[in-house]
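One structure is given below, encoded as structure tokens.
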Amino acid sequence: MVCREHSFHQSGVRDFLSGEVPADTVYFSDFSPNPKEEDVMRGVENLRSAGIRAVIAVGGGSAMDTAKLINFFGCTGANLDAFLQGTCPADVPVPPLLAIPTTSGSGSEATHFAVVYRGATKHSVDGPSMIPSQVLLVPEFTYSLSGYQTACTGMDALAQGVESLWAKCATDESRGYAREAVDLALRYLEAAVHAPNPENRSGMMRAANLAGQAINISKTTAPHAFSYILTATFGLPHGQAVGLLLPHFVAYHAAHGVTVEGVTGSRLCDLLCRIGLDRRLDLSANELLRLLEENVNQERLSNNPVHICIEMLHEFTSTLAK
């Protein structure tokens with residue numbers, strides 16, 4: 001069971017699973033909000049030494065990604081270096097993995113990849129064996145989220161949907177998932193932050209899962225490519241980091257003829273303000289520009305339909321920096 005104790009209890013999952021979880025279950029909670037390589041390898045040691053037969057992931061994207069990575073590396077006998085060098089098999093038999101999300105954001109329960117950090121550098125590990133074998137979507141498990149957590153995770157889902165619509169690798173299938181995800185997020189996110197009710201929570205859980213299904217095919221693009229270093233440097237939740245960048249990229253894409261129906265830069269800026277995620281970063285515009293330039297994720301950037309130039313970055317860094 002890969003979970004945070006607080007999330008496992010407060011979400012209601014513990015009570016829901018009462019009597020269904022074997023008494024000898026091994027609980028693993030020693031992982032960071034943004035999974036680190038060393039966190040994953042500690043979990044791998046637990047999986048191997050205890051002879052684990054199945055894995056359950058409970059929580060947000062960090063718990064999902066950590067569980068997927070532990071399950072994958074624990075059975076391949078490999079590590080991150082092997083994967084990066086191309087010597088790690090991508091499709092191997094793994095124990096069953098049940099994913100129970102308690103946030104509405106990452107969509108990790110629907111994807112065949114997971115994020116792991118080595119220092120400040122983000123890596124994406126992918127392969128057919130990574131996707132959970134079973135998923136349990138219960139909106140009630142998100143009721144204990146704070147407004148801030150709801151805002152951050154919801155912006156991640158919205159960004160994934162928008163990016164999936166314009167991604168180079170998009171297909172008709174992924175665009176179908178993404179369009180519905182964007183529509184749901186625009187309809188329910190603000191209400192879920194300020195006046196959560198069963199309809200709003202259910203709408204956002206559906207949006208997040210659809211966005212996950214979309215990027216499972218298309219993957220993400222420039223906003224995500226530049227967001228990872230903001231999380232690593234400032235400790236921002238991933239959804240807030242990508243949310244700060246998204247309006248600027250939407251406006252830039254629109255100026256180059258790439259639009260998403262119902263989504264504009266100004267509308268997203270207003271939304272960020274209303275859900276409390278607008279903020280400035282504690283560094284100068286030049287420092288922010290250099291940080292973004294030097295730490296962009298090239299794989300995600302290569303999936304972007306419009307070339308991102310230095311002038312574009314320079315235009316918006318002054319709005320985010322102090």
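The values are calculated or read from the model by the stated rules, or taken from the named source; none is laboratory data. Note that the structure is predicted; figures quoted are calculated from it, not measured. Using ideal geometry, Cβ is built from the backbone for each residue, glycine included, and neighbour counts are taken over all protein chains shown.
A quick yes/no check of all residues on (1) surrounded by fewer than 17 Cβ atoms within 10 Å (Cβ to Cβ); (2) farther than 25 Å from His253 by Cβ:
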position: Ala114; (1), (2): no, yes
position: Leu136; (1), (2): yes, yes
position: Thr142; (1), (2): no, yes
position: Gly147; (1), (2): yes, yes
position: Cys152; (1), (2): no, no
position: Met155; (1), (2): no, no
position: Leu158; (1), (2): no, no
position: Val162; (1), (2): no, no
position: Leu165; (1), (2): no, no
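Pick from the range 84-112 the residues that are surrounded by fewer than 23 Cβ atoms within 10 Å (Cβ to Cβ) and in contact with a Leu (Cβ under 9 Å, 6 or more places away or on another chain): which of them is farthest from Ile131 (Cα to Cα)? Of everything passing the filter in the range 84-112, Cys88 is farthest from Ile131 (Cα to Cα). Of all residues in the range 8-28, those being under 10 Å from Ile100 (Cβ atoms) and either in contact with a Ser or Thr (Cβ under 6 Å, 6 or more places away or on another chain) or not assigned by TED's automatic domain parsing to the domain that holds Val55 (or both) number 1. One residue is enough: does the range 284-304 have a residue meeting the conditions farther than 27 Å from Tyr148 by Cα and among the small types (Gly, Ala, Ser)? Scanning the range 284-304, I find at least one residue that is farther than 27 Å from Tyr148 by Cα and among the small types (Gly, Ala, Ser), so the answer is yes. On the stretch given as the range 53-74, residues that are more than 23 Å from Phe141 (Cα to Cα), in contact with a Leu (Cβ under 8 Å, 6 or more places away or on another chain) and surrounded by fewer than 24 Cβ atoms within 10 Å (Cβ to Cβ) total 1. Within the range 116-156, the set of residues being charged (D, E, K, R) and modelled with pLDDT under 95 comprises Arg118, Lys122, Asp126. When Ala159 is tested against (1) modelled with pLDDT of 95 or more; (2) more than 17 Å from the chain's Cα centre (by Cα); (3) hydrophobic (A, V, I, L, M, F, W, C), exactly one condition is not met: (2).
Specify the residue that is surrounded by the most Cβ atoms within 10 Å (Cβ to Cβ); the eligible residues are those in the range 172-210 that are more than 22 Å from Asp278 (Cβ to Cβ) and of a type in the set (A, V, I, L, M, F, W, C).
By that ranking, first place goes to Ala181.
Conditions (1) closer than 26 Å to Ser164 by Cβ; (2) in contact with a Gly (Cβ under 9 Å, 6 or more places away or on another chain); (3) touching a residue at least 40 places away in the same chain (Cβ under 8 Å), marked per residue:
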| residue | (1), (2), (3) |
| --- | --- |
| Thr25 | no, no, no |
| Val44 | no, yes, no |
| Val55 | no, yes, yes |
| Phe83 | yes, yes, yes |
| Cys88 | no, yes, no |
| Pro93 | no, no, no |
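Restricting the range 248-299 to residues that are within 20 Å of Thr231 (Cβ to Cβ) and of a type in the set (Asp, Glu), the residue that is surrounded by the most Cβ atoms within 10 Å (Cβ to Cβ) is Asp278.
Ala241 meets all of the listed conditions (1) free of Cβ contacts under 8 Å to residues at least 40 places away in the same chain; (2) surrounded by 24 or more Cβ atoms within 10 Å (Cβ to Cβ); (3) in contact with a Phe, Trp or Tyr (Cβ under 8 Å, 6 or more places away or on another chain); (4) over 20 Å from Pro35 (Cα atoms) but one, namely (4).
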